[in-house]
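Notes to accompany the following structure.
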Amino acid sequence: MWTSHTVGKLSFMHARVADRPAAVSDGSKKERAEAEVRDKTGPWVAPVGRIGLATQGVLYLVVGVLALQVASGHGEDQPSQTGAIEKVADQPFGRFLLLVLAIGLALHCVWRLMLAARGDVGPEGPADIAKRLGQLGRAIIYGGFTVVAVKLLLDAGGQSGSTQQKATAAALDWPGGNVILVIIGLAIIAAGLWNISKAPRRSFEDDLDLTEASKPTRTAVLVAGCIGYVARGIVFALVGWFLIDAAIDHDPNDSGGLDVALKKVADADYGPMTLRVIAIGLFLFGIFRLLDARYRKREELANA
């Protein structure tokens with residue numbers, strides 16, 4: 001005999017079984033969409049990535065030179081990525097060079113967006129989501145640099161330092177803005193410490209294929225990578241610290257980007273000498289990025 005309780009139970013089980021194909025179908029649709037993204041971007045993600053890394057290297061080379069000039073008393077220079085873009089524009093054939101740089105910056109942005117869309121190999125989890133968000137953040141940053149370069153091409157450039165201070169001032173007016181800025185500052189410091197940690201672990205070498213590289217090239221990669229990552233990490237930590245200081249003092253003038261951080265170093269005791277050391281490190285990071293663009297493994301260029 002079928003009781004009403006049994007019939008109800010069977011109906012519930014049938015409904016759950018009927019729901020499963022829809023869930024599986026949704027999962028398979030997502031997998032197919034991601035596979036399609038990987039298939040369409042596969043042939044050109046690595047070449048675009050190499051150009052993007054090389055462009056980043058050029059920026060750091062110019063930033064290193066500008067930082068050295070600030071250490072030598074040229075306080076009007078802006079030792080940051082934006083300042084580097086403006087410096088390129090001031091050179092002979094600057095408009096052509098700026099156009100090339102703008103294309104490279106745009107490709108770097110596109111590459112990061114592709115990595116955010118492609119994700120990493122393997123099942124999706126919290127780590128994969130974090131990597132995607134990190135790539136998206138980098139894409140936004142280099143999209144901003146691209147806008148700066150395009151504005152300079154159109155003779156409508158602007159200073160980044162005041163923009164960042166205005167953003168800090170706006171954040172300080174939010175409810176809990178101080179806390180938000182402290183959290184952001186701590187995150188930037190954490191990023192700096194992560195960069196510094198790559199030097200003793202030499203983890204950056206894991207991303208490179210140096211099997212065909214000469215011994216001098218391998219030495220250059222090791223030296224430039226270790227010193228460059230330490231210098232970059234120090235600068236990140238300084239930017240984060242000044243942002244926290246601005247949040248605590250409720251003074252947006254204490255904040256700023258790379259240029260403000262380096263100029264504050266120059267104004268401190270033993271500042272010019274310290275800044276020269278950091279500047280050399282940033283220049284070496286630029287050299288490392290150019291080598292990185294040449295020797296990075298294809299799979300590392302293609303995955304988040």
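Here, each number is a calculation from the coordinates, and none is a lab measurement. Everything quoted here is computed from the prediction, not taken from an experiment. Virtual Cβ from ideal backbone geometry, glycine too; neighbours counted across all protein chains shown.
Structure above, values below:
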read-out	value
Nearest-0.05 FRET efficiency for SER214 and ASP249, computed from C-beta distance (R0 41 Å)	0.20
Cβ crowding within 10 Å averaged over residues, with 206-215, 96-105 ranked highest first	96-105, 206-215
Stretchable slack from ASP90 to MET273, in nm (0.36 nm times residue separation minus alpha-carbon distance)	63.2 nm
Protection proxy ranking of 292-301, 143-152 - average other beta-carbon atoms within 10 Å, highest first	143-152, 292-301
Angstrom value of the Kirkwood radius, inverse mean 1/r, which spans all Cα pairs in segment 44-296	19.0
Qualifying GluC sites (Glu not before Pro) in segment 65-144, DSSP loop, other Cβ atoms within 10 Å at most 13	GLU76, GLU124
Cross-link pairs LYS131/LYS297; LYS87/LYS263; LYS264/LYS297; LYS198/LYS297; LYS151/LYS297 - those with Cα-Cα distance over 26 Å	LYS264/LYS297; LYS151/LYS297
Table column - 3J(HN,Hα) (Hz), segment 259-267, Karplus curve with 6.51, -1.76, 1.60, x for Gly and Pro	5, 5, 4, 5, 5, 5, 4, 5, 7
